[in-house]
Amino acid sequence: MEKLRTLRQGDRTPQTDLLQTALTRAGFPTAVDGVFGSDTASSVRKFQATRGLVQDGIVGAKTWSALTPYLTGYVTHTVASGDTLYKIAVEHGTTVQAITTANPRVTPENLHIGSTLTVPLAFDITATNIRYSAVAVAVIADGIAARYPFVTWNTVGQSVAGHDLLCAEIGAGSTHEVFYNAAHHGNEWITTPLLLKFLEEYAKAYAADGAIYGIDAKSLYALSRLFVMPLVNPDGVELVTGALNSGALYDDARRIAQNFPAIPFPSGWKANIEGIDTNLQYPANWERAREIKYAQGFTQPAPRDFVGDAPLQAPESRAVRDLTLRHDFKLTLSYHTQGEVIYWKYLDMEPPRSREIAELFAEVSGYTAEITPPDSSYAGYKDWYIQTYDRPGYTVEVGHGTNPLPIGQFAEIFAKNIGILTLGLTANI
């Protein structure tokens with residue numbers, strides 16, 4: 001798992017958001033404002049006191065270890081004499097169903113003393129009021145996998161900075177694979193919790209024999225297999241959110257940005273950490289994309305719109321391409337921000353049913369279905385997918401305003417997209 005760094009009063013990184021989230025969930029309410037001030041320090045000391053830790057207000061390895069269950073959403077319980085699942089559930093404030101879901105091989109009538117159980121805690125894992133980073137995705141992925149073992153996570157590549165590129169899988173429909181991805185662009189990171197929240201809601205509905213968007217989750221699970229890559233460009237996201245704020249990579253990015261003074265730094269950063277736009281890296285008329293972007297002045301590494309020196313130069317884009325080649329996706333959704341619009345076509349290529357599905361997505365979201373503007377019609381993942389497979393692929397642009405969109409828009413964005421995300425599992429069957 002990504003490493004949680006030591007925090008002290010005065011820190012303002014996205015890990016401060018995680019700290020404040022964990023403290024609040026642990027019963028020490030703390031404003032999630034990203035500022036490690038005196039109130040947060042007081043809550044840390046109070047938490048440390050309850051765990052027998054040195055009450056220094058510093059969040060080092062031992063304090064993080066005690067807080068981590070309040071990020072991943074589960075604890076480990078060692079079965080003792082007299083334990084029953086009901087007793088364990090009461091002790092940890094959870095339910096027997098949650099425990100049996102997390103431990104599918106456990107026989108309630110025959111608990112083995114000394115064995116360990118994964119015990120989910122009584123809150124949703126995906127935080128929807130924080131800035132995101134690679135470590136936030138890692139702890140959420142850990143928690144979802146532990147609470148819902150039918151969801152598996154794999155590392156499909158690494159970013160320039162060495163962050164694992166994670167991809168989740170859920171579903172049994174091996175002949176109908178679907179792929180959702182988010183955050184190709186650093187300052188569009190709000191799409192990351194969008195996919196994580198959907199994945200968690202889907203898993204929760206499946207485990208409870210429930211429904212999502214009014215559709216039986218077990219039917220969806222049986223029909224399709226969903227692949228979710230919530231953070232394609234972790235380095236760019238961390239630059240924008242402040243998780244990456246020093247060191248050689250940060251200094252290089254700042255030097256790149258100085259050549260483009262009209263683009264605010266770091267909030268205007270879309271590219272990977274080397275200044276390559278990861279959604280202009282796919283071999284779908286990449287040369288035409290280069291002509292367009294060069295004419296606009298993006299002839300070298302830049303905060304956005306530099307196509308690179310060759311297709312698939314960026315390891316993040318290469319990982320997405322390679323994942324796609326290993327599977328047989330029948331439909332893809334690529335999540336971006338700006339415009340509340342669904343782009344569904346590539347040049348004159350119109351895969352069977354793609355317009356029909358785009359109109360369905362528009363109906364359930366309130367977005368408009370449109371043709372991609374000419375200056376943005378090349379070298380994107382959607383473009384390459386349609387060109388390669390002649391199947392429905394979509395770029396979904398969420399939200400409105402200036403990137404990065406404020407996290408306060410999340411609830412509205414999720415409400416408008418849950419229909420797209422759910423129906424996408426069956427739309428091309």
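The values are calculated or read from the model by the stated rules, or taken from the named source; none is laboratory data. All of these numbers come straight from a predicted model, not from anything done at the bench. For neighbour counting, all protein chains shown are included, and Cβ atoms are generated from backbone atoms with ideal geometry for every residue, glycine included. Remember, those area values only see protein heavy atoms, side chains included, never the ligands or the DNA or RNA. Shrake-Rupley method; radii C 1.70, N 1.55, O 1.52, S 1.80 Å.
Values as computed for the structure displayed
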| read-out | value |
| --- | --- |
| Within segment 262-291, tally of residues that are assigned to a helix (DSSP H, G or I) and closer than 30 Å to Pro406 by Cα | 4 |
| Unmet criterion (only one of (1) in contact with a Gly (Cβ under 9 Å, 6 or more places away or on another chain); (2) part of a loop (DSSP other than H, G, I, E, B); (3) under 26 Å from Gly93 (Cβ atoms)) for Gln48 | (2) |
| Asp375 vs. criteria assigned to a helix (DSSP H, G or I) and either open to solvent by 10 Å² or more (accessible area, probe 1.4 Å) or not charged (D, E, K, R) (or both) | yes |
| When residues of segment 325-349 are limited to those that are acidic (Asp, Glu) and at pLDDT 95 or above, the one nearest to Phe410 (Cα to Cα) | Glu340 |
| Residues within segment 156-191 that are within 12 Å of Val237 (Cβ to Cβ), of a type in the set (D, E, K, R) and in a strand (DSSP E or B), tallied | 0 |
| Pair list, Cβ under 7 Å, 6 or more apart: segment 42-57 residue closer than 14 Å to Pro29 by Cβ and open to solvent by 90 Å² or more (accessible area, probe 1.4 Å), other residue assigned to a loop (DSSP other than H, G, I, E, B) and modelled with pLDDT of 95 or more | Lys46/Phe28 |
| Ile429 being outside any loop (DSSP other than H, G, I, E, B) and in contact with a helix residue (DSSP H, G or I) (Cβ under 8 Å, 6 or more places away or on another chain) | no |
| Failed criterion for Thr101 (all others in (1) under 28 Å from Ala205 (Cβ atoms); (2) open to solvent by 40 Å² or more (accessible area, probe 1.4 Å); (3) polar (S, T, N, Q) hold) | (2) |
| Residue ID - nearest to His336 (Cα to Cα), chosen from residues in segment 267-287 that are open to solvent by 10 Å² or more (accessible area, probe 1.4 Å) and of a type in the set (D, E, K, R) | Lys270 |
| Positions within segment 288-316 being open to solvent by 80 Å² or more (accessible area, probe 1.4 Å) and of a type in the set (A, V, I, L, M, F, W, C), in sequence order | Ala295 |
| Selection within segment 377-396 - among the small types (Gly, Ala, Ser) and over 27 Å from Ala415 (Cα atoms) | Ser377, Ala379 |
| Number of the condition not met by Phe28 [criteria: (1) over 27 Å from the mean Cα position of the chain (by Cα); (2) free of Cβ contacts under 8 Å to residues at least 40 places away in the same chain; (3) closer than 30 Å to Pro406 by Cβ] | (1) |
| Elements of type helices (runs of 4 or more DSSP H) contained in segment 61-143, each with 3 or more residues being of a type in the set (A, V, I, L, M, F, W, C) | 61-67, 85-92, 96-102 |
| Single residue of segment 206-238 satisfying the filter (without any contact (Cβ under 8 Å) to a residue 60 or more places away in the chain and among the hydrophobic types (A, V, I, L, M, F, W, C)) that is surrounded by the fewest Cβ atoms within 10 Å (Cβ to Cβ) | Ala222 |
| Top-ranked residue in segment 317-352 [being open to solvent by 60 Å² or more (accessible area, probe 1.4 Å) and in a helix (DSSP H, G or I); ranked as farthest from Gly380 (Cα to Cα)] | Leu325 |
| Residue list for segment 122-141, filter: surrounded by fewer than 20 Cβ atoms within 10 Å (Cβ to Cβ) and either touching a residue at least 40 places away in the same chain (Cβ under 8 Å) or out of contact with any helix residue (DSSP H, G or I) (no Cβ under 9 Å at 6 or more places or on another chain) (or both) | Phe123, Asp124, Thr128, Asn129 |
| Some residue of segment 394-405 being modelled with pLDDT of 95 or more, among the acidic types (Asp, Glu) and either open to solvent by less than 20 Å² (accessible area, probe 1.4 Å) or more than 17 Å from Ala183 (Cβ to Cβ) (or both) | no |
| Filtered residues of segment 162-175 (kept if modelled with pLDDT of 95 or more and open to solvent by less than 50 Å² (accessible area, probe 1.4 Å)) | Gly162, His163, Leu165, Leu166, Cys167, Ala168, Glu169, Ile170, Gly171 |
| Matching residues in segment 58-91 - criterion: being farther than 24 Å from Thr21 by Cβ, free of Cβ contacts under 8 Å to residues at least 12 places away in the same chain and not aromatic (Phe, Trp, Tyr) | Gly82, Lys87, Val90 |
| Within segment 343-363, considering residues that are touching a residue at least 60 places away in the same chain (Cβ under 8 Å) and under 25 Å from the mean Cα position of the chain (by Cα), the one nearest to Ile407 (Cα to Cα) | Phe361 |
| Thr94 being open to solvent by 20 Å² or more (accessible area, probe 1.4 Å), of a type in the set (Ser, Thr, Tyr) and touching a helix residue (DSSP H, G or I) at 6+ places or on another chain (Cβ under 9 Å) | yes |
| Residue check, Gly380 modelled with pLDDT under 95, within 20 Å of the chain's Cα centre (by Cα) and crowded, with 17+ Cβ neighbours inside 10 Å | no |
